[in-house]
Amino acid sequence: MTTTAADHAACAEALRRAGSSFAAPIRLLPQAKRRGTTALYAFCRRADDAVDDAPDEPAAAAGLDALTADTRGALAGEPSGDPVLRALADTVRRFAIPPWCIDEILAGCRMDLTRRRYATFAELETYCGRVAGAVGVAAVHVWGFTDPEAVERARDCGLAFQLTNILRDIPEDLGRGRVYLPEDDLRECGVSSADLVAGRIGPAFAAVAALEVARAEAAYARAAVMDRMLSTDGRCAFRGMFGVYRSILAAVRRAGPAIFTARVRPPRARLLAAGLTTLLVGTGTRR
């Protein structure tokens, strides 16, 4: 016999196994919000894995189709054999998360099946809005907010985090045949995705790194004001996540063009210290 507590425990185990930098900030939340946020994380992980862990593209497409159908069924109240989907459905109902958030997350994962390149930053922004911005909107519904502008700022936060992921993971994504950096940006700096794929990393790539870091920093600046729009306990989790991810971006900035040949791996102790510092002093916005 399954229980809601057991379903959420399965999500907590998925978070534990992943070793995510989100784990520590999530622990700052009270139980109900912690379980809801963990369910969102476990679902996003399940969607990512359906694409990234499949042996080939047809298997990935079939797996994502099955997950999409099962997710929609669970959200509609149909019985599900998946504890993560049952916990997700409980979370969506409990915190009135807009169902479109879940649809957008799945649509973003589907883009990884069909898109290997992005011509413009606007195209990349659409992708980031689905795989990360929609997660941010869902999360603030769990955490609680006092100003409706928090929803838009959550989109900015998702963009900031996803751009940071992209810059951190360039070599790993190249191994999967993906280049997320917009062709327009590469061309503006005098290089191309073909240069990146071939490993022709010349001096001009320093300009590419600087340009993309600046885009991410602008998104962090817009997202920072969310600090004063959240419930008190939600603010603690946000600050922890914000500090950790902003520290990863700082490591990317320090690495410069080296990000194109080696994954950025900041020491875990440094990330935890950054999260703690931001938890204590805030994101740097005025009240």
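The values are calculated or read from the model by the stated rules, or taken from the named source; none is laboratory data. Treat the numbers as computed from the prediction; the structure is a model and nothing was measured. Quick reminder, even Gly has a Cβ in these numbers, built from the backbone with ideal geometry, and neighbours come from all protein chains shown.
For this structure, a couple of remarks:
- The range 91-119, residues that are free of Cβ contacts under 8 Å to residues at least 40 places away in the same chain and of a type in the set (Gly, Ala, Ser): 107, 108
- Residue 104 meets the conditions (1) in contact with a Gly (Cβ under 7 Å, 6 or more places away or on another chain); (2) under 22 Å from residue 62 (Cα atoms) in every case but one. The failed one is (1).
- Only one of 16, 46 that is touching a residue at least 12 places away in the same chain (Cβ under 8 Å) and basic (Lys, Arg): 46
- Total residues in the range 171-201 satisfying the condition of being assigned to a helix (DSSP H, G or I), without any contact (Cβ under 8 Å) to a residue 24 or more places away in the chain and not charged (D, E, K, R): the figure is 6.
- Comparison of 119, 87 shows that the only residue that is more than 17 Å from the chain's Cα centre (by Cα), of a type in the set (Gly, Ala, Ser) and not assigned by TED's automatic domain parsing to the domain that holds residue 230 is 87.
- Any hit, the range 259-269, residues being at pLDDT 95 or above and surrounded by 15 or more Cβ atoms within 10 Å (Cβ to Cβ): yes
- When the range 84-118 is limited to residues that are in a helix (DSSP H, G or I) and of a type in the set (Phe, Trp, Tyr), the one that is surrounded by the most Cβ atoms within 10 Å (Cβ to Cβ) turns out to be 95.
- Residue in the range 256-278 that is of a type outside the set (A, V, I, L, M), under 28 Å from residue 146 (Cβ atoms) and not in a helix (DSSP H, G or I) present: no
- Wholly enclosed helices (runs of 4 or more DSSP H) of the range 120-170 bearing at least 3 residues in contact with a Pro (Cβ under 8 Å, 6 or more places away or on another chain): 121-128, 134-143
- Residue check, residue 122 out of contact with any Phe, Trp or Tyr (no Cβ under 7 Å at 6 or more places or on another chain), crowded, with 23+ Cβ neighbours inside 10 Å, farther than 26 Å from residue 255 by Cβ and free of Cβ contacts under 8 Å to residues at least 40 places away in the same chain: no
- Any chance residue 222 is assigned to a helix (DSSP H, G or I), in contact (Cβ under 8 Å) with a residue 60 or more places away in the chain, surrounded by fewer than 22 Cβ atoms within 10 Å (Cβ to Cβ) and under 18 Å from the mean Cα position of the chain (by Cα): yes
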